[in-house]
Amino acid sequence: MERKPVFLLAGLLLVFCLGGVGVQVGFSAPAPSRQKIDETVKETVAVQKKTSNLRQEWQVERRVLDDATHALELEIKLLEARHVKLKGYSQQRRQEILRLETGLKEMTEIGIRLEPFLDELVGRIETFQAADLPFSVVERERRLNDLRQALNSYDADLAEKLRRVMEVLKIEAGFGRGFEVSEEFLALDGAQTTVRMLRLGRVGLYYLSLDGDRAGWFNRLTKTWESLSGASHEAVKEALRMTLKQRAFDLVCLPVTGVKP
């Protein structure tokens, strides 16, 4: 009978422990539901997918930016090279401008001297024509008068005046080459007579009447027309026939420089 209090005390301790456990279980947090877990998983998957898409977009954008950066680097190198070349071009242009400015000053000085020289040159041409053989007199005088008018024209610039003078000089120089046959009026024994005129460059000037009875030449020393007879008369005939291609070319003996053959 003395052991009852001990069993009773053991029973109370057991009940108290079981009760404590019950209290602890009764106050613990409830377990999460299946639906909430699924929503959390879905949200996590969505975040991961969005992150992956953003990563891919960034990779694409990065490649684009890398390509753009590379293109800009190449463009910078090209611009630097062009800048170096343009510097050289600029230096060349400065030198060319300086050369042109110097040339312009020289041309201005030449122009100041050239215009009176052209007037002097026309006077020389006139003197030369007066001392030359008397061929194409009317045409040459008209050309010289036109040249004087051009030089005295206010509208004609210096280049045009120079061109006109050079043109007349070229024509005059051309008379010294080749030969020419023309029909002209010549005063013979006080009467205007139609003759065939033969010009051999500036070496000699000869005539033959249309009937072939009269022939002559211009004596440069006496400035007169002189008649020819005998072999010289026949030589003028033959020279005219050769010039008109009526016979083959051959040697003929004609008077020149005031000396008869």
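Here are a few things to note about the model shown:
- Of the residues GLU126, GLU141, GLU106, GLU115, the single one that is in a helix (DSSP H, G or I) and surrounded by fewer than 11 Cβ atoms within 10 Å (Cβ to Cβ) is GLU106.
- If you go through segment 159-180 and keep only what is touching a residue at least 24 places away in the same chain (Cβ under 8 Å) and closer than 25 Å to ARG199 by Cα, you end up with VAL165, VAL168, LEU169, ILE171, GLU172, PHE175, GLY176, ARG177, PHE179, GLU180.
- Meets criteria (assigned by TED's automatic domain parsing to the domain that holds ASP119, surrounded by 14 or more Cβ atoms within 10 Å (Cβ to Cβ), in a loop (DSSP other than H, G, I, E, B) and without any contact (Cβ under 8 Å) to a residue 40 or more places away in the chain) for ALA156: yes
- Members of segment 102-122 found to be under 16 Å from MET166 (Cβ atoms) and not β-branched (Val, Ile, Thr), listed by number: GLY111, LEU114, GLU115, PHE117, LEU118, ASP119, GLU120, LEU121
Here is a yes/no grid of residues against (1) modelled with pLDDT under 90; (2) hydroxyl-bearing (Ser, Thr, Tyr); (3) outside the structural domain of ILE171 (by TED's automatic domain parsing):
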residue: ARG55; (1), (2), (3): yes, no, yes
residue: ILE76; (1), (2), (3): no, no, yes
residue: ARG82; (1), (2), (3): yes, no, yes
residue: GLU106; (1), (2), (3): yes, no, no
residue: ILE110; (1), (2), (3): yes, no, no
residue: LEU121; (1), (2), (3): no, no, no
residue: ARG124; (1), (2), (3): no, no, no
residue: SER136; (1), (2), (3): yes, yes, no
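- Segment 206-226, residues that are in contact with a strand residue (DSSP E or B) (Cβ under 7 Å, 6 or more places away or on another chain) and within 19 Å of GLU183 (Cβ to Cβ): TYR206, TYR207, LEU208, SER209, LEU210, ARG214, ALA215, GLY216, TRP217, PHE218, TRP225
- Segment 172-190, subset within 13 Å of TRP225 (Cβ to Cβ) and among the hydrophobic types (A, V, I, L, M, F, W, C), residue surrounded by the most Cβ atoms within 10 Å (Cβ to Cβ): LEU186
- Meets criteria (outside any helix (DSSP H, G or I), β-branched (Val, Ile, Thr) and either loosely packed, with under 13 Cβ neighbours inside 10 Å or in the same structural domain as GLU115 (by TED's automatic domain parsing) (or both)) for THR193: no
The values are calculated or read from the model by the stated rules, or taken from the named source; none is laboratory data. This is a predicted model, so every value here is computed, not measured. Every residue, glycine as well, gets a Cβ built from its backbone with ideal geometry; the counts of neighbours run over all protein chains shown.
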